[in-house]
Every structure is written in structure tokens, then in C-alpha cells.
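Presented below is the structure to which this report refers.
The values are calculated or read from the model by the stated rules, or taken from the named source; none is laboratory data. Fair warning: this is a prediction, and the values are worked out from it, not measured in the lab. Glycine also receives a Cβ, built like all others from the backbone with ideal geometry; neighbour counts cover every protein chain displayed. In case anyone asks, the SASA skips ligands and DNA or RNA and just uses the protein heavy atoms, side chains included. Shrake-Rupley method; radii C 1.70, N 1.55, O 1.52, S 1.80 Å.
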Amino acid sequence: EHIFAILLAAKGEIVPTQALQAALPAGSTDSNVLQVHISRLRRKLTGGGASRIRAVRGVGYRLI
């Protein structure tokens, strides 16, 4: 998954939403495609009930 690879490479840093949207497959122009990918990643990565992906409102996402 490209989104996860980008977040992992920048672990601890905020990745802008635009950078993550650019990594989506061509033709994925719907407004919620990125949110769906993030939601699925959160479900896969949740350990102990805490999500490792944090949203930074109006900026992007961060992997902690």
C-alpha cells in the first residue's frame, strides 16, 4: 500500500493530504477515497485499542 509506505517513511512527521492523494491510483478523484484508505489502515494497525495514524486537521496525517 503506497499510503502506508509514505506514512512509514515520514514516521513522526506530518504528511500533507495532497502528497497522500497524489499516491492514490489514477482515477481516484472522489473526495473520500483517501479517508477510506486511512480508515482501512487504522483498522489493520490498531493494537491495544489505540490508532497509530493521527489526523492533523487541515494539514494531513502522521504515523506515530
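Some points to look at:
- Residue satisfying all of: in the stretch 26-40; more than 9 Å from the chain's Cα centre (by Cα) and open to solvent by less than 50 Å² (accessible area, probe 1.4 Å); modelled with the highest pLDDT among these: V33
- Screening I64 against (1) in contact (Cβ under 8 Å) with a residue 40 or more places away in the chain; (2) touching a Pro at 6+ places or on another chain (Cβ under 9 Å) leaves a single unmet condition, (2).
- Within the stretch 41-56, the set of residues being open to solvent by less than 70 Å² (accessible area, probe 1.4 Å) and either touching a residue at least 12 places away in the same chain (Cβ under 8 Å) or β-branched (V, I, T) (or both) comprises L41, T46, I53, A55, V56.
- Inside the stretch 21-32, residues that are assigned to a helix (DSSP H, G or I) and free of Cβ contacts under 8 Å to residues at least 12 places away in the same chain make up a count of 1.
- Across the stretch 9-20, the qualifying residues are those that are open to solvent by 90 Å² or more (accessible area, probe 1.4 Å) and not in a loop (DSSP other than H, G, I, E, B), and the one among them that is modelled with the highest pLDDT is A9.
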